[in-house]
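Input: a single structure, listed below in structure tokens.
The values are calculated or read from the model by the stated rules, or taken from the named source; none is laboratory data. Since this is a predicted model, take the numbers as computed values, not measurements. Please note: Cβ atoms are built from the backbone with ideal geometry, for glycine as well, and neighbour counts cover all protein chains shown. What goes into the accessible areas is simple: the full protein's heavy atoms, side chains included, and nothing from ligands, DNA or RNA. Shrake-Rupley method; radii C 1.70, N 1.55, O 1.52, S 1.80 Å.
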Amino acid sequence: MSKYMKSRYEYSKKRREFGRQPLFQAVPAQILYSIYPNEEEQRRYILRNPVHREVQATMPQSEHDANTKELVIHEQGINHTEGGWPRDVHPYNEDHVTRYRRRVQHEDGYVNTVTSLHPQVEHYIDQNNAIDMYQTYFADMTPQPPVEKYNLQIANAFYDPHARPVSCIVWTNEQPTRLAIAYCQKIIGDKSSKPNYFSIWDIQRQTAPLVELLPEYPCWELACSPAQSEILIAGLENGTVNIFDIRKGHDAISKSSIYNSHIGPVSGLLFTHTRTNTEFFTGSLDGYCLWWDTRNLSTPIDRLPMSVRFSPRETPNMSNAEGVSSLQFDRGLPTKFLCGTESGLVINANRMGRSHSEILTSYWEAHTGPVRAIHRSPCTLRMFITCGDWNVRIWSEEVRTAPIIVTKPYRNQVTDVTWAPLRHSSYMAICEGGFFYYWDILRNFNEAVATLQVSKHGLTKLRPHRKGQMVAIGDDQGTTYLLNLSDNMTYPDERDKQLVHQIYDRETRREHILDARLKEIHLKHRDELPEIQSVGESASEEGGEKREEKKSVGDNEYQSTEEEYFRIVKQELAKMENVNL
């Protein structure tokens, strides 16, 4: 036998290339070669039974058994979220993250934990500095402009068999989250024979609701308890408030007395920020706001008439109160809230005031009709958005005369509007034409960045999920659509909050300058008026000639304005024809 020769092969590899992740791809199966049987040999085949011959047609092989160490393999999945934040802290919300970090840094064990982790962290930092872990390839290529594609997709639809209009939509505070949807026609004294129940739906199941709750009257507003997700509060058409517990059946577990409740329907219902999370307040078309405690609904805690326009001789009461059409409350301002009225006003209220004038500090004349919705910006609490008639307007608490941002009028009446929960520069709106609009004030003031016709019927309610990726939209035929938004419509960029603050400061300063200039013009006009009257008849002849010249100039301006008006009308009619096609 020849002498055994040991073979050896050496290869080298750079240290910076260690640990690189291989990228595998799933390739479908394909046939490389197919061997078909020989038909001639197949015909010569004879079946013989029994067989008493043995033929060795393979090479001799040996077999060896060895006991090796057992290797146990199992698969395990993990759902990792950034930083392992608590449930009530969202990593994309800067305010939540800042408050949580500040609270943790004041804990006793924080300094000891950081001190014990310092050597280990420093060791890994030195390793990363010594190894070139990342290398930039194709650095000399010409950078391409970024392409943003806004994607809207209807993921699910929930139907009401009685085709009742959607009056309110609420996301429950549980995992997985659910939708609580109320149905009714928001008309006082509606005598329809349709049932009054409202439903709770699983977002993954559209065949039937999970629970149906039965109030005595049609439900106008809903609210979910922030402490217990099984408890829902309903504001009814007769002005009363009912509390439902899903665990205890379909009927209400507590009801307010009709003698101590609102006279008109409940048009707004929100929870307030308290230690026990049991207090909430309601608004109604009768012009009152009432504060309640879920532990005792026999009588309200406090009551406030929304009266801002009354003579000094009158006292605030129901006769001069403004009917409430929408309410807004933010936990960042626990003593303040905003109230939209049926007459188009937005009232700023502060419960810490002593007198009625100190509580209702100011108001804005926002719209010609009722204020359908009002929401504060998650970026800065001094800015809020409203919708009503055919317009959506953005306001500042520092400017009382006019909105700081106004979009062009919609083709249909706007029924609801809200800010995006996480993307500070964006807001969403719906209208009676069945369209959903997504706006971004950093991209465009005058045009929506994404538009989708959700339904052929008019849309009534809009409610996004607190994580921002899903949006629930209801129409006036009882259908609730669940929309999925793309990531660039959900999550903010690094500088979004800073840029929105810059826009707010710039537009607020511009309105202050315009307001000051307008006051100067009025004062100048008032000072010049006596001089004009003193000249009187001495300048009548010269004034006649100037009036004739001004008349001719005014006629030319009128003619040019009329031509411009008809040109715009023709363009709008052409756009409507294209949309209908």
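All of (1) surrounded by fewer than 20 Cβ atoms within 10 Å (Cβ to Cβ); (2) β-branched (V, I, T); (3) in contact (Cβ under 8 Å) with a residue 40 or more places away in the chain hold for T460 with one exception: (1).
Checking S199, S257, S193 one by one, the residue that is farther than 30 Å from A321 by Cα and either assigned to a loop (DSSP other than H, G, I, E, B) or open to solvent by 30 Å² or more (accessible area, probe 1.4 Å) (or both) is S193 and no other. When L285, L214, L232 are checked against the criterion of being modelled with pLDDT of 90 or more, open to solvent by less than 10 Å² (accessible area, probe 1.4 Å), closer than 26 Å to I473 by Cβ and among the hydrophobic types (A, V, I, L, M, F, W, C), a single residue qualifies: L232.
Listed here are the residues, each with its yes/no results for (1) closer than 20 Å to D389 by Cα; (2) without any contact (Cβ under 8 Å) to a residue 12 or more places away in the chain; (3) open to solvent by 10 Å² or more (accessible area, probe 1.4 Å).
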{"residue": "A420", "(1), (2), (3)": "no, no, no"}
{"residue": "Y427", "(1), (2), (3)": "yes, no, no"}
{"residue": "F445", "(1), (2), (3)": "yes, no, yes"}
{"residue": "Q453", "(1), (2), (3)": "yes, no, yes"}
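Residues that are open to solvent by 10 Å² or more (accessible area, probe 1.4 Å), at pLDDT 90 or above, in contact with a strand residue (DSSP E or B) (Cβ under 8 Å, 6 or more places away or on another chain) and assigned to a loop (DSSP other than H, G, I, E, B) do occur in segment 336-343. Annotation: E322 fulfils all but one of (1) at pLDDT 85 or above; (2) touching a helix residue (DSSP H, G or I) at 6+ places or on another chain (Cβ under 8 Å); (3) not β-branched (V, I, T); the unmet one is (2).
Considering only residues in segment 355-372 that are surrounded by 12 or more Cβ atoms within 10 Å (Cβ to Cβ) and of a type in the set (S, T, N, Q), the one that is nearest to R303 (Cα to Cα) turns out to be T361.
Give H74, H96, H80, H106 a once-over and let me know the one that is open to solvent by less than 80 Å² (accessible area, probe 1.4 Å) and either touching a helix residue (DSSP H, G or I) at 6+ places or on another chain (Cβ under 8 Å) or modelled with pLDDT under 85 (or both).
H96
Among the residues of segment 482-505, those identified as acidic (D, E), outside any loop (DSSP other than H, G, I, E, B) and surrounded by fewer than 19 Cβ atoms within 10 Å (Cβ to Cβ) are D487, D505.
Taking each residue of segment 382-402 that is in contact (Cβ under 8 Å) with a residue 40 or more places away in the chain and open to solvent by 30 Å² or more (accessible area, probe 1.4 Å) and looking for partners that are outside any strand (DSSP E or B) and of a type in the set (S, T, N, Q) with beta-carbon atoms closer than 6 Å, six or more apart or interchain, yields E398/T508.
Checking the structure you have, find out if any residue of segment 221-242 is part of a loop (DSSP other than H, G, I, E, B), hydrophobic (A, V, I, L, M, F, W, C) and within 26 Å of the chain's Cα centre (by Cα). Yes, some residue in segment 221-242 is part of a loop (DSSP other than H, G, I, E, B), hydrophobic (A, V, I, L, M, F, W, C) and within 26 Å of the chain's Cα centre (by Cα).
Every residue, every condition in (1) closer than 19 Å to L269 by Cα; (2) open to solvent by less than 20 Å² (accessible area, probe 1.4 Å); (3) of a type in the set (A, V, I, L, M, F, W, C), yes or no:
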| position | (1), (2), (3) |
| --- | --- |
| L152 | no, no, yes |
| F158 | no, yes, yes |
| H162 | no, no, no |
| V170 | yes, yes, yes |
| E174 | no, no, no |
| A180 | yes, yes, yes |
| K186 | yes, no, no |
| G189 | no, no, no |
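Restricting T479, T508 to residues that are surrounded by 11 or more Cβ atoms within 10 Å (Cβ to Cβ) and touching a Phe, Trp or Tyr at 6+ places or on another chain (Cβ under 6 Å) narrows the list to T479.
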